[in-house]
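Structure, as structure tokens:
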Amino acid sequence: MARAAGGFREEQFWEACAELKQPKLAGANWELLMEALGICVYRLWDQETGLYKYKVFGTLKDCPPALLIDVYMDLDYRKQWDQNVEELYERRCNGQTVVYWQVRYPTLMSNRDYVYVRERRDLHVEERKVYVVLAQSTSHSQFPERSGVVRVKQYKQRLAITSDGRKGSKVFMYYYFDNPGGQIPTWLINWAAKNGVPEFLNDLAKACQTYPGRS
């Protein structure tokens, strides 16, 4: 199987494209969790962990795809609009882009941090450009675990963006898994994910309106 430069398989990028065009919800017990503001959130229960996997489909109006992907990839800008970011940066390590991301948690709870590889591909499908970003947890000596911060070791995300045919973007986001670890009850993790995923997309859309690089 061919692999892209970041270590992801070539077909993984095309699979994200395929779901953007036609969601794959058959053959598993995916349930529609919510539908609001042009965003649909589906979830699938993982018996081993008691947590859910999520697929999100939606349209973000007045957010052209090229602008949306630039805002999504711009980590410095995210530190300005995402109030949950404590620390966020990326480095090139052995030919891969590795991101360090520390998330603020409520008082009396430890912050969580992520170390993951991230790769972007710009694909052309039926005369449309599709932007795809894959991310997955990794471990690296340059990013040792920190005292007082819980390292999230199970994290995957798939994102695909294309034009909605007007002035906005059609988006597919697959939160394959995000296990924050520690002693947080599974019901609380699932509640936070249910609300956090669509909230993030709406915040991302708002960030597009004030992006310094917006033409």
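Of note:
- Calculated accessible area for the range 13-115 comes out at 54 Å² per residue, all protein chains present (probe 1.4 Å; ligands, DNA, RNA ignored).
- Relative contact order, percent, the range 1-114 [alpha-carbon distance under 8 Å, six or more residues apart]: 14 percent
- Choice from GLN157, GLN102, GLN22 showing the highest fluctuation, given a GNM over the chain with Cα pairs closer than 10 Å: GLN22
- For LYS129, the lysines whose Cα falls under 25 Å of its own Cα, not counting residues fewer than eight places away in the same chain, are LYS21, LYS24, LYS55, LYS61, LYS156, LYS167, LYS170, LYS206.
- Listed residues TYR100, TYR175, TYR114, most fluctuating in the chain (Gaussian network, C-alpha, under 10 Å): TYR100
- Under the Debye formula (equal points on every Cα, no solvent term), log10 I(q)/I(0) of the chain at q = 0.11 Å⁻¹: -0.54
- GNM result for the chain, Cα springs below 10 Å: residue of ALA160, ALA66, ALA135 fluctuating most strongly: ALA66
- 10 Å Cβ shell holding at most 16 others, DSSP loop, GluC sites (Glu not before Pro): longest site-free stretch of the chain: 49-125
- Using a probe radius of 1.4 angstrom, the carbon and sulfur fraction of the accessible surface of the chain is 48%.
- The relative contact order of the range 83-136 comes to 25 percent, based on Cα pairs under 8 Å that sit 6 or more residues apart.
- Its Cα centre serving as origin, the chain has a Cβ charge dipole (Lys and Arg +1, Asp and Glu -1) of approximately 140 debye.
- For the range 130-180, the solvent-accessible area of protein heavy atoms averages 44 Å² per residue (probe radius 1.4 Å; ligands and nucleic acids excluded).
- Derived scalar couplings ³J(HN,Hα) [the range 122-128; Karplus, 6.51 cos²θ - 1.76 cosθ + 1.60; whole Hz; x for Gly, Pro]: 9, 10, 10, 10, 6, 6, 10
- Put a dot 7 Å past the Cα of GLU31, heading toward its Cβ, do the same for ARG92, and the two dots end up 4.7 nm apart.
- Normalised by the number of residues in the chain, the mean separation of alpha-carbon contacts (under 8 Å, six or more apart) gives a relative contact order of 22 percent.
The values are calculated or read from the model by the stated rules, or taken from the named source; none is laboratory data. None of the values given here were measured: they were computed from a predicted structure. Because the Cβ atoms are built from the backbone with ideal geometry, glycine has one as well, and the counts that use them run over all protein chains shown. These area figures cover heavy atoms from the full protein model, side chains too; ligands, DNA and RNA do not enter into them. Shrake-Rupley method; radii C 1.70, N 1.55, O 1.52, S 1.80 Å.
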